[in-house]
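Everything on this sheet refers to the single structure shown next.
The values are calculated or read from the model by the stated rules, or taken from the named source; none is laboratory data. Everything quoted here is computed from the prediction, not taken from an experiment. Counting neighbours? That spans all protein chains shown, and the Cβs are built from the backbone with ideal geometry, glycine included. Side chains included, ligands, DNA and RNA excluded: accessible areas come from the protein's heavy atoms. Shrake-Rupley method; radii C 1.70, N 1.55, O 1.52, S 1.80 Å.
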Amino acid sequence: MADQSTNSVAFVRTEEVPASPPPANAAGPVKWMRENLFSTPVNTVLTIVAAYVIFKIITGAFPWFANGIWNSQSLAECREILQGTTGGCFSVLSERWNQLLFGFKYPPELYWRPTLAFVIFLLAAAPVLFFKLPRKLLIVTALFPFIAYWLIWGGSILTPLLALAGVAGGYVVYSRFVTNNFAMGFFGGIIAAFLIWTIGGSILPDGTITDGPMQSVPSRDLGGFMLNLMLGVTCVSLSLPIGIALALGRQSSMPFIKYVCVIFIEFIRGVPLITLLFVASVMLAYFFPPEATVDLFLRVVIMITLFSSAYIAEVIRGGLAALPKGQYEAADSLGLDYAQAMRLIILPQALKISIPGIVNVAVGLFKDTTLVSVISMFDLVGMIRGPILASTEWNGVYWELWLAASVLFFIVCYGISQYSQWLERQLATGHR
Amino acid sequence: MTIMTDPPRESFRLGMLLSDTRYRSLTLQAIAFILLALSIGYLANNLVRNLTALGLNIDFSFLGTPAGYDINQRLIEYTSQSSNLRAAFVGILNTLLVAFLACVTATIFGVLAGVLRLSNNWLVRKLMSIYVEIFRNIPVLIWIIIIFTIMTAVLPGPRAFRGDNATSSMLFDAFAFTNRGVYIPAPIWGPGSMVVVATFIASIVAMFAYRRYATNLLYATGRLLPMFWPSVAIFFLPAILMFFIMGSPIGLEYPELKGFNFAGGIKVGGPLIAIWFALSIYTGAFIAENVRAGIQAVSKGQTEAAGALGLRSGRIMSLVVLPQALRVIIPPLISNYLNITKNSSLAILVGYADVTATLGGITLNQTGRAIECVVLLMLFYLVISLTISFVINIYNNAIKLKER
């Protein structure tokens, strides 16, 4: 049968014609270029302009990198080696990397301490950032502030231990009472912690150590990129709880509390950070008791924390407002009181919505920590503008230094924003 | 602010203050009020004790005394004998000047980059996303310093323009880029120039009137008048005609090399350019993201629906997509303007005499009146921010989707 039908109708093809390849200009890279680079005359012009710009940048920058000098002692020596050819004097980085990272007064033999603190920081941040890691790592996170304080400032281990004891005591009191009443547990915990700190503080001897591996380093000796990182991490983590409290206060039905929060948030958001830093450097000291000496680092931390908590409060308020009203009503109908409803139902959802916003604030704040150089703290920017560019060896090396600073900030900020986008995808529980 | 508890006469027990929902919020507010008052009192007490210990007081009379320092960038008359208050005003005007200039250019950069990021040209798209990522992720402070360094360390001094074998030359013989600033031609207002300016203003009004008339006509009758070319014509032609009728009353004074420096023209100082340009490209990257998000927020169905109605692509953009995108773009755009104004306080770093540098910098250091200066400075920025947020709120209410 099959033979018959194929033979009887002679003009019907029996085998498939192989597909002929597409024309050369409709396949492969040519097609891609036609579609993406030269689709219209305007596009062609844009492509040529863009390609020219890229070409100029690459040809301008390449010899500068390729001829870079990494091993000279000063700018004059570097220029002598270069002998007029284009090239970067990157030796300022190999010569002064320690100052860029740690500041110019941190004892060089102690660099391992902040480095170790940084490594522990990565460990401590990991379980917070990636939910799939074992939860046991959170212990590192909880201990990190005390370890980091001890490693960076040095001194007797009793000081951070006392701080830890206070927090632990507060937590014990909190978990004892929180089942009855959240407010009682919360305030009881705070009071207990303060009691332990005051009593312990009066007993504890002065913890300053003058030499050895754990010798004390005063705050004014901190500097460089380390200072930026410290300010960023400390202020963001401190401002999260304050920001949540402010956001809840702003949503509150009690007019007095609401308006206090509104005034605080609008005031802080209305003034530039630099004026708040002026407050920290010239004004804040007047508001402490005359006998207390609060060092500049702490004052700056206070002001930056207030600053970022106002911004975080606004972000979280957006998250609270975005929740459907049914969630609040459902919590009420279950008979939960305010603290329970917030803790168990509202905040987990609202915080999830506001994570991208919080990360944005964190990135912005980390960039803004460079402003402390204006009030003569020697962070990364302050180090470059001050001690390094003013030194006789390196006076005039601009691009290498600013490039290095830009790269450091870019890596951190770009990394954080990529993480935030990743997290948004992870947390997207909506319909796809 | 006043806490009034008016307990009923009978059946009131103290425990009800906490357990009864009628009283609980009042109790909590009273506690909060007392705590706040106590902490403010504590801080104020510390302040008074500190000030008396140092022999200081709070006194604003320093504003009237001569400032005693010079400001090279000023919009109003000012000498070193002028009062500190006037120095602060010079600073305020400088802040507003740089904020205004930066807002305009940042918008241009931002809209351009935002639109180009959506272009179907792969190379341009990638280039623009590199621009946005680089500028958003590096502190504005570093950008300001980098551009200021370019202004002062890379641009040639006026000396390089001199002599027969000058190494630098002026652009079009009108613009000189030197390390002391950029010199541009200054307009000379001859007699009759006011007529030209008045004509120009009148033609702007006429242009808007024409556009309004055309829109009304379109909505009322459906008749479509050409919009773009008549607008351009009304904008330019009358002023140009009047310019030649009056005999070219407006001239240009070109900057010229005299001695060791340029004379004539308008000098735009290096610090101003550094802070202006840095704020523009930095904030432009943020605006680009807003613009892109705004355009992408308009669902594709809108474009398709407009296409199904038979609109051409230009009209789809102007009548359907843009009005909806602007609703998303403008509120963050205004808050970016606010950020520019606040970030302009970084001008102090490059020596641009804005209000932070005059009132919060030199005046503060010379008079030692830290508290007064910082408070006044904050007040100024607060007024600006509150004004701008007021505008945002009005706009948001105006464009809110009117649901029936």
Quiz item: In region A:179-190, how many are open to solvent by 30 Å² or more (accessible area, probe 1.4 Å) and not aromatic (Phe, Trp, Tyr)?
Solution: 6
Quiz prompt | Residue that is nearest to B:TYR183 (Cα to Cα) [pool: residues in region B:63-81 that are in contact with a strand residue (DSSP E or B) (Cβ under 9 Å, 6 or more places away or on another chain) and not polar (S, T, N, Q)] | solution = B:ALA67
Practice problem: State the number of residues belonging to region A:139-174 that are open to solvent by 40 Å² or more (accessible area, probe 1.4 Å), out of contact with any helix residue (DSSP H, G or I) (no Cβ under 7 Å at 6 or more places or on another chain) and among the small types (Gly, Ala, Ser). | Solution: 2
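Residues are listed down the side, and each one gets a yes or a no for (1) open to solvent by less than 40 Å² (accessible area, probe 1.4 Å); (2) at pLDDT 90 or above; (3) at the interface with another protein chain (Cβ under 9 Å from one of its Cβ atoms):
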site	(1), (2), (3)
A:LEU222	yes, no, no
A:PHE225	yes, yes, no
A:GLY232	yes, yes, no
A:SER237	no, yes, no
A:ILE244	yes, yes, no
A:VAL279	yes, no, yes
A:MET283	yes, no, yes
A:PHE287	no, no, yes
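Let's see how each residue does on (1) within 30 Å of B:LYS400 (Cα to Cα); (2) outside the structural domain of B:PHE148 (by TED's automatic domain parsing); (3) without any contact (Cβ under 8 Å) to a residue 40 or more places away in the chain:
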{"position": "B:LEU319", "(1), (2), (3)": "yes, no, yes"}
{"position": "B:ILE334", "(1), (2), (3)": "yes, no, no"}
{"position": "B:THR341", "(1), (2), (3)": "yes, no, no"}
{"position": "B:VAL350", "(1), (2), (3)": "no, no, no"}
Quiz item: How many residues are out of contact with any helix residue (DSSP H, G or I) (no Cβ under 7 Å at 6 or more places or on another chain), within 30 Å of B:ALA347 (Cβ to Cβ), without any contact (Cβ under 8 Å) to a residue 24 or more places away in the chain and among the polar types (S, T, N, Q) if we restrict to region B:35-84?
Solution: 5
Exercise. Output the number of residues of region A:322-350 satisfying the condition of being in contact (Cβ under 8 Å) with a residue 12 or more places away in the chain and assigned to a helix (DSSP H, G or I).
Key: 16
Quiz item: Taking region A:390-402, which residues are open to solvent by 50 Å² or more (accessible area, probe 1.4 Å) and touching a residue at least 12 places away in the same chain (Cβ under 8 Å)?
Solution: A:THR392, A:GLU393, A:ASN395, A:TRP399
Quiz item: Which members of region A:83-107 meet the condition of being more than 22 Å from A:PHE118 (Cα to Cα) and in a loop (DSSP other than H, G, I, E, B)?
Solution: A:GLN83, A:GLY84, A:THR85, A:THR86, A:GLY87, A:GLY88, A:CYS89, A:PHE90
Exercise. Quick one: in region B:233-278, of everything that is of a type in the set (D, E, K, R) and touching a residue at least 12 places away in the same chain (Cβ under 8 Å), which residue is least open to solvent (accessible area, probe 1.4 Å)?
Key: B:GLU253
Practice problem: For region A:108-138, name all the residues that are among the hydrophobic types (A, V, I, L, M, F, W, C), open to solvent by 40 Å² or more (accessible area, probe 1.4 Å) and outside any loop (DSSP other than H, G, I, E, B). | Solution: A:TRP112, A:LEU116, A:PHE118, A:VAL119, A:PHE121, A:LEU122, A:LEU123, A:VAL128, A:LEU129, A:LEU137, A:LEU138
Quiz item: Just for region A:191-220: of the residues that are in a helix (DSSP H, G or I), polar (S, T, N, Q) and exposed (fewer than 13 other Cβ atoms within 10 Å of the Cβ), which one is nearest to the chain's Cα centre (by Cα)?
Solution: A:THR198
Quiz item: Hey, any hits in region B:345-365 for a residue that's over 22 Å from the mean Cα position of the chain (by Cα), assigned to a helix (DSSP H, G or I) and either more than 14 Å from every other protein chain (Cβ to nearest Cβ) or surrounded by fewer than 16 Cβ atoms within 10 Å (Cβ to Cβ) (or both)?
Solution: yes
Quiz item: Checking A:ASP295 against (1) open to solvent by 20 Å² or more (accessible area, probe 1.4 Å); (2) within 20 Å of the chain's Cα centre (by Cα), which test does it fail?
Solution: (2)
Quiz item: Mind checking which residues of region B:94-121 are within 11 Å of another protein chain (Cβ to nearest Cβ) and either among the hydroxyl-bearing types (Ser, Thr, Tyr) or closer than 21 Å to A:TYR414 by Cβ (or both)?
Solution: B:THR95, B:LEU116, B:SER119
Quiz item: Do we find that A:LEU248 is in a helix (DSSP H, G or I), more than 8 Å from every other protein chain (Cβ to nearest Cβ) and touching a residue at least 40 places away in the same chain (Cβ under 8 Å) in this structure?
Solution: yes
Self-check item: Within region B:279-296, considering residues that are open to solvent by 40 Å² or more (accessible area, probe 1.4 Å) and of a type in the set (A, V, I, L, M, F, W, C), the one nearest to B:LEU346 (Cα to Cα)
Solution: B:PHE286
Quiz item: Which of the residues belonging to region A:20-30 are assigned to a helix (DSSP H, G or I) and either open to solvent by 80 Å² or more (accessible area, probe 1.4 Å) or touching a residue at least 24 places away in the same chain (Cβ under 8 Å) (or both)?
Solution: A:ALA24, A:PRO29
Quiz item: Going by the structure shown, is B:LEU63 under 31 Å from the mean Cα position of the chain (by Cα) and either outside the structural domain of B:ASN365 (by TED's automatic domain parsing) or open to solvent by less than 70 Å² (accessible area, probe 1.4 Å) (or both)?
Solution: yes
Practice problem: Kindly indicate whether any position in region A:351-359 is over 28 Å from A:PRO272 (Cα atoms), in contact (Cβ under 8 Å) with a residue 40 or more places away in the chain and assigned to a helix (DSSP H, G or I). | Solution: yes
Quiz item: Within region A:366-394, can you find the residues that are more than 11 Å from every other protein chain (Cβ to nearest Cβ) and over 14 Å from A:ASN228 (Cα atoms)?
Solution: A:GLY386, A:PRO387, A:ILE388, A:ALA390, A:SER391, A:THR392, A:GLU393, A:TRP394
Exercise. State the number of residues belonging to region A:266-277 that are within 22 Å of B:GLY368 (Cβ to Cβ) and more than 8 Å from chain B (Cβ to nearest Cβ).
Key: 2
Quiz item: Looking at region B:325-335, is at least one residue under 27 Å from B:ASN290 (Cβ atoms), polar (S, T, N, Q) and either more than 11 Å from chain A (Cβ to nearest Cβ) or touching a Pro at 6+ places or on another chain (Cβ under 6 Å) (or both)?
Solution: no
